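Beneath this line is the structure, given in structure tokens, with notes to follow.
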Amino acid sequence: AAPGGAPIRSFDEHTYCVYAAAWNAAHKDVFASASGDGTVKVWDTRQPHSVLTVRASRSEVLSVDWNKYADCVFATGNVDKTIGLWDVRRPEAPVSQLHGHHYAIRRVCFDPHSEARMLSCSYDMTVRLWDTRVETENSCMRVWDGLHSEFCVGIDISPLREGFIASCGWDEVCHFYTIDGPSPTTMR
């Protein structure tokens, strides 16, 4: 660790705000960053510069998350209302795109208990569960609508309790619920 809490290393290749960073669960030195410049950069802390730049959207990229079961795959949540699924071995185009949100996607989150499931939350105030193996209107497995009265900006899945979800929003509320369960529990 650097003395006095200073960064060990800083990377400054993005040309606009960096909204998110996510570590790769299989490679201890690799993380990705999502930026308003429309790119995701993949970094290896042992290298002086990014090892890959993916032009992920013509709009801002607000979120990035790595698939815990497929270490070359990551997802992006974009202002253009799309979720991109990307493979770093073929970064020229997304493997697939998921559609369904009506406003910008603030967060994407792969399920740590399933290779194919992913959650997203959006400024449309919804949370969606996706099957990433399907690239049609059937890829959305479930929608939670009406949970938040303002922008939904955060979502996570418990790594220790399968199917347990928490979401939060500008409405000052956190909801706790399960993938298969009934209405959520509200926490203020």
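Before moving on, here are some points about what is shown:
- Hey, Gly84 of a type in the set (Gly, Ala, Ser) and either in a loop (DSSP other than H, G, I, E, B) or touching an Asp or Glu at 6+ places or on another chain (Cβ under 9 Å) (or both) or not: no
- Residue match in the range 166-176 (condition: out of contact with any Asp or Glu (no Cβ under 8 Å at 6 or more places or on another chain), open to solvent by 70 Å² or more (accessible area, probe 1.4 Å) and part of a strand (DSSP E or B)): yes
- Taken over the range 104-148, the criterion of being at positive phi and either modelled with pLDDT of 90 or more or acidic (Asp, Glu) (or both) is satisfied by Met125 alone.
- Among the residues here, Gly100 qualifies as among the small types (Gly, Ala, Ser), in contact with a Cys (Cβ under 6 Å, 6 or more places away or on another chain) and over 23 Å from Ala21 (Cα atoms).
- Of all residues making up the range 98-118, the number that are in a strand (DSSP E or B) and either surrounded by 19 or more Cβ atoms within 10 Å (Cβ to Cβ) or among the β-branched types (Val, Ile, Thr) (or both): 9
- Residues in the range 18-32 that are among the small types (Gly, Ala, Ser), open to solvent by 60 Å² or more (accessible area, probe 1.4 Å) and part of a strand (DSSP E or B): Ala21 alone.
One line per residue, one yes/no per condition, for (1) surrounded by 15 or more Cβ atoms within 10 Å (Cβ to Cβ); (2) part of a loop (DSSP other than H, G, I, E, B):
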residue: Arg9; (1), (2): no, yes
residue: Tyr16; (1), (2): no, yes
residue: Ala34; (1), (2): yes, no
residue: Trp43; (1), (2): yes, no
residue: Ser57; (1), (2): yes, yes
residue: Glu92; (1), (2): no, yes
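- Residue that is nearest to Asp171 (Cα to Cα), among those in the range 129-152 that are assigned to a strand (DSSP E or B) and out of contact with any Gly (no Cβ under 9 Å at 6 or more places or on another chain): Trp144
- Gln47 meets each of the listed conditions (1) of a type in the set (S, T, N, Q); (2) open to solvent by 10 Å² or more (accessible area, probe 1.4 Å); (3) touching a residue at least 40 places away in the same chain (Cβ under 8 Å) apart from (3).
- Residue list for the range 59-72, restricted to those being of a type in the set (Ser, Thr, Tyr) and in a loop (DSSP other than H, G, I, E, B): Ser59, Tyr69
- Enumeration of residues in the range 115-149 that are in contact (Cβ under 8 Å) with a residue 24 or more places away in the chain and small (Gly, Ala, Ser): Ser120, Ser122, Ser139, Ser149
The values are calculated or read from the model by the stated rules, or taken from the named source; none is laboratory data. Predicted, not measured: the structure shown is a model, and the values here were computed from it. We place every Cβ from the backbone using ideal geometry, glycine too, and count neighbours over all the protein chains shown. Heads up: the accessible areas ignore ligands, DNA and RNA and are worked out on the full protein's heavy atoms, side chains in. Shrake-Rupley method; radii C 1.70, N 1.55, O 1.52, S 1.80 Å.
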